[in-house]
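For reference, the structure is listed below as structure tokens.
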């Protein structure tokens, strides 16, 4: 299948990748828009993985206050350069994450941040309930998905995790993007 300008424009609008990258991806996939988008995403993630060790000292602190002013959240999202931090895509990600925090009340950014003693206590609590080892681990994973922001189902698309949302932006901007911290406030709590 010939790669047309319309296909390139459609892929570019969908992924934010450069024109030549879109053309190459479409040529490699025989003009298949879905496979080309997945190929570009994988390449973007690979490029970002190479940069994962780099310092993420730029970014934004985004606020979300729910209607009525009774609930709000602040989220710090970091990236490598101020150029990326000023893009609409990066700021939209920060806004979505602030809304996620306000809506779901996570306690930690990622599963890696949950203290070992908290995990051990939760595991012991589940074991006392007598479900057996496989069920304990499954219920522990379910609990982690509730309390770790990056493991939660995304509020606008429960079929995806918040981690996937961050990975998509990471792939598109080509920089390491990291959720550093958050705070949630509710009137009376």
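Read the figures in this text as sums done on the coordinates, not as results from a lab. This is a predicted model, so every value here is computed, not measured. A quick note on method: Cβ atoms are made from the backbone with ideal geometry, for glycine too, and the neighbour counts reach across all protein chains shown.
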* **Sorted by Cβ neighbour density within 10 Å, fewest at the top, the residues 170, 104** => 104, 170
* Asked: Based on DSSP H runs of at least 4 residues, each adding -39500 (n - 2.57), what is the mean residue ellipticity at 222 nm of the chain after dividing by all its residues, to the nearest 500 deg cm²/dmol?
  -> -16500 deg cm²/dmol
* Among 64, 154, rank each residue by its count of other Cβ atoms within 10 Å, from fewest to most, as a rough exposure measure. => 154, 64
* Cα gyration tensor category, rounded, prolate or oblate, for the range 110-156 with a/c compared to 1.5 -> oblate
* Of the labelled options (i) 35, 22, 15; (ii) 35, 19, 13; (iii) 22, 20, 18, which one gives semi-axes √(5λ) of the Cα gyration tensor in Å as computed for this structure? -> (i)
* Asked: Taking Cα pairs under 8 Å and at least six residues apart, what relative contact order does the chain come out at, in percent?
  -> 27
* **Hull-based mean projected area of the range 111-189, where the convex hull spans the alpha carbons, in square nanometres** => 7.6
* Structure fact -> Two pseudo-spin positions, 7 Å from Cα along C-beta at residue 156 and at residue 110, lie apart in nanometres by 2.3
* Structure fact -> Residue separation between residue 137 and residue 181 times 0.36 nm, minus their alpha-carbon distance, gives in nm 13.2 nm
* To do: Any chance you could run the full-extension gain for residue 145 through residue 12? It's 0.36 nm times the residue separation minus the Cα-Cα distance, nm to one decimal.
  => 44.6 nm
